[in-house]
Each structure stands twice: as structure tokens, then as C-alpha cells.
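This report refers to the structure that appears directly beneath it.
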Amino acid sequence: FTICHKTEVVKNTLNPVWQAFKIPMRALCNGDYDRTIKVDVYDWDRDGSHDFIGEFSTSYKELSMGQSQFNVYEVVNPKKKEKKKNYKNSGTVTLLSFLLDIEVTFLDYIKGG
């Protein structure tokens with residue numbers, strides 16, 4: 001996997017809400033709607049030793065469904081899952097909105113007449 005975006009740090013809350021952000025489709029999935037997108041979640045620490053909370057995977061196709069029951073993701077820490085029998089997840093991440101912004105190029109304009 002390649003890092004394509006890092007969100008801002010949301011401090012002093014167990015229920016962070018991140019700001020909306022734009023990311024080019026080329027960087028996110030290179031036009032492959034089914035490509036796996038892995039999201040890692042960390043707890044920020046002042047000393048720089050950020051704690052890994054967990055991860056989840058999705059795809060552009062799933063994200064494009066917008067806010068729905070399909071876009072609530074369990075954040076799972078694989079090491080905790082191996083060690084603890086009753087471990088389910090370290091929380092959930094819910095997609096609140098999704099917007100596809102199509103940027104028309106000058107070449108598209110010329111092709112259109």
C-alpha cells in the first residue's frame with residue numbers, strides 16, 4: 001500500500017470527527033473502483049510515539065455509496081485480535097459524506113465542441 005492521504009490530528013476526544021478533504025482519484029485508486037483502500041487509525045501522542053488503534057479496508061465503489069449502512073467500518077487491531085478471544089474491534093469509523101467532483105479539462109471542452 002502507498003500513503004495517499006493523512007488527516008489532521010483531532011486531539012482530546014474518543015469520538016473524533018475529521019474535516020472533509022479532497023483527494024485525486026488517481027492517488028486513491030488509479031481509476032480502479034474495486035482496488036482495496038486500507039485505512040490505518042492512530043492515537044496521537046505528544047512524544048511522537050503514536051499508538052496504532054486499528055485498520056479497515058474499503059474500496060472506491062463502497063465509498064461512493066455515500067452515507068449508508070455499508071459505510072460503517074469496524075477498526076480492528078490484528079495483534080489484539082490474535083491475543084484476546086473476546087476482542088471485536090477498537091471502535092468504528094462512519095463515512096458521513098462523499099462527493100465526486102469532476103474537473104473538466106480544456107481538452108474535454110474542445111472535444112465537446
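So here's what we get for this one:
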| read-out | value |
| --- | --- |
| Failed item, numbered, when residue 38 is tested on (1) closer than 15 Å to residue 95 by Cα; (2) open to solvent by less than 70 Å² (accessible area, probe 1.4 Å) | (2) |
| Residues of the range 30-47 classified as out of contact with any Ser or Thr (no Cβ under 7 Å at 6 or more places or on another chain), assigned to a loop (DSSP other than H, G, I, E, B) and at negative phi, total | 5 |
| Pairs where the first residue, in the range 1-28, is within 21 Å of residue 57 (Cβ to Cβ) and open to solvent by 100 Å² or more (accessible area, probe 1.4 Å) and the second is basic (Lys, Arg) and not in a loop (DSSP other than H, G, I, E, B), C-beta under 6 Å, 6+ apart | 1/38 |
| Residue match in the range 56-64 (condition: β-branched (Val, Ile, Thr), touching a strand residue (DSSP E or B) at 6+ places or on another chain (Cβ under 7 Å), part of a strand (DSSP E or B) and more than 16 Å from residue 96 (Cβ to Cβ)) | no |
| Hits in the range 3-41 (condition: β-branched (Val, Ile, Thr) and over 13 Å from the mean Cα position of the chain (by Cα)) | 9, 10, 13 |
| For residue 97: the one exception among (1) assigned to a loop (DSSP other than H, G, I, E, B); (2) open to solvent by 70 Å² or more (accessible area, probe 1.4 Å); (3) in contact with a strand residue (DSSP E or B) (Cβ under 8 Å, 6 or more places away or on another chain) | (3) |
| Scan of the range 58-70 for residues that are open to solvent by 70 Å² or more (accessible area, probe 1.4 Å), in contact (Cβ under 8 Å) with a residue 12 or more places away in the chain and not charged (D, E, K, R), ordered by number | 65, 67 |
| Residue match in the range 71-86 (condition: touching a strand residue (DSSP E or B) at 6+ places or on another chain (Cβ under 6 Å), among the acidic types (Asp, Glu) and either surrounded by 12 or more Cβ atoms within 10 Å (Cβ to Cβ) or in a strand (DSSP E or B) (or both)) | yes |
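The values are calculated or read from the model by the stated rules, or taken from the named source; none is laboratory data. None of the values given here were measured: they were computed from a predicted structure. Quick reminder, even Gly has a Cβ in these numbers, built from the backbone with ideal geometry, and neighbours come from all protein chains shown. Remember, those area values only see protein heavy atoms, side chains included, never the ligands or the DNA or RNA. Shrake-Rupley method; radii C 1.70, N 1.55, O 1.52, S 1.80 Å.
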